[in-house]
Amino acid sequence: MKGGLFTSGYGPILIVVVALAVLPFGFSANTTLNFLGFVLIVTLAAQGWNLLAGYGGQFSFGHAAFFGMGAYGIALAQVRFGLNPWLALPLAIALGALTGTILGYLSFRARLRGSYFALVTLAFAEVFRILANASTFTGGAAGVLIPLRIDAANFQFADKRSFYWLALSFVAFVLLLTHWIARSRFGAYLVAVRENEDAARALGVDALAVKLKAITLSGGITAAAGCLYAQKFLYIDANLAFGPWISVEALLAPIIGGIGTVFGPLAGAVLLLGLGEITKTFFTWLLGGAVPGIDLVVFGVLLILCVAFAPRGVLGVLRRILPAFRGGRA
């Protein structure tokens, strides 16, 4: 790699991935491992959103549409068609990517931008939620229960760490992919479209093709997160798959961590979900019972603080105060 492993930007990714890979050896409780696995799932969905919005400037409020396609795709392939989940996985990811292509083509051909595009994605996710909730093929309101067959060949693991490492491999791949895109001509086109689409088009950039590639990749990445979610919990319904919760977390994580950066979604997901869990645990201890929705209060407070004091996210703050973080768009 030109300039060496670390100067090319791949070194920090390697360090972070290795550090995360050894992290489960310090924990034995299933609750902790479940939490870490869920953080990686949200990170993956956030990476998908960040590629489209952070680098491409196409803000989405409905990434649940892609997440749900992946989750239902891998679940229904097993339950309805008897397909092995490892074979269903690439098909479900492709379904999410195809959904992104169709949604993007309909929106971008109509020159929808900004809030108009965001609302269209939100509408698509809600339509999918309603259809999945009403259809007998998707199990209706009862959802889809994936049979418990604990075996690596069935994408089910007795050791929680095995799933964690699998989810980490997905995150590692997307980190590398995002970094490569950021340094590629395609990444330059994405940024050009984000900064001024009309000017980019005037300079010869095919804005429609660039945005379609971005939303297709974004849809596939987010669908992969949906696949992991379905295999982790072995159950999915319309509200889990297409509900607004994943759209909110997928967009909040990059905003809090650092939008348009490689590590922003990961940093944001750790901070967002970590503080949410700490707050829920604290109030449960303080009041003797759970406080529903307290984690949403934390999310809102974090968002307000980021908008007011750290518009470039946590990584932006670190770049200002620590020289080691000033070397690029990490």
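The figures follow:
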item	result
Contacts under 7 angstrom Cβ, first residue in the stretch 277-291 being at pLDDT below 70, partner of a type in the set (D, E, K, R), 6 or more apart	290/280
One residue from 93, 41, 13 being more than 18 Å from residue 240 (Cα to Cα) and of a type outside the set (Ser, Thr, Tyr)	13
Condition met for residue 88 (open to solvent by less than 10 Å² (accessible area, probe 1.4 Å), modelled with pLDDT of 95 or more, of a type outside the set (Phe, Trp, Tyr) and under 20 Å from residue 163 (Cα atoms))	yes
Hits in the stretch 32-79 (condition: outside any helix (DSSP H, G or I) and within 14 Å of the chain's Cα centre (by Cα))	59, 60, 61, 62, 63
Residues of the stretch 179-208 satisfying the condition of being in a helix (DSSP H, G or I) and open to solvent by less than 30 Å² (accessible area, probe 1.4 Å)	179, 181, 187, 190, 193, 197, 200, 207
Residue match in the stretch 4-24 (condition: among the β-branched types (Val, Ile, Thr) and buried (at least 23 other Cβ atoms within 10 Å of the Cβ))	no
Yes/no for residue 155 being open to solvent by 70 Å² or more (accessible area, probe 1.4 Å), farther than 20 Å from residue 216 by Cβ and of a type outside the set (Val, Ile, Thr)	no
Tally, over the stretch 211-229, of residues that are β-branched (Val, Ile, Thr), over 12 Å from the mean Cα position of the chain (by Cα) and either crowded, with 24+ Cβ neighbours inside 10 Å or over 15 Å from residue 108 (Cβ atoms) (or both)	1
The stretch 97-129 - residue that is in a helix (DSSP H, G or I) and among the basic types (Lys, Arg) and, of those, least open to solvent (accessible area, probe 1.4 Å)	129
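The values are calculated or read from the model by the stated rules, or taken from the named source; none is laboratory data. Keep in mind that what you see is a predicted model, and the values were worked out from it rather than measured. So basically every Cβ, Gly included, is an ideal-geometry build from the backbone, and we count neighbours across all protein chains shown. Accessible surface is based on the protein model in full, side chains and every heavy atom, while ligands, DNA and RNA are left aside. Shrake-Rupley method; radii C 1.70, N 1.55, O 1.52, S 1.80 Å.
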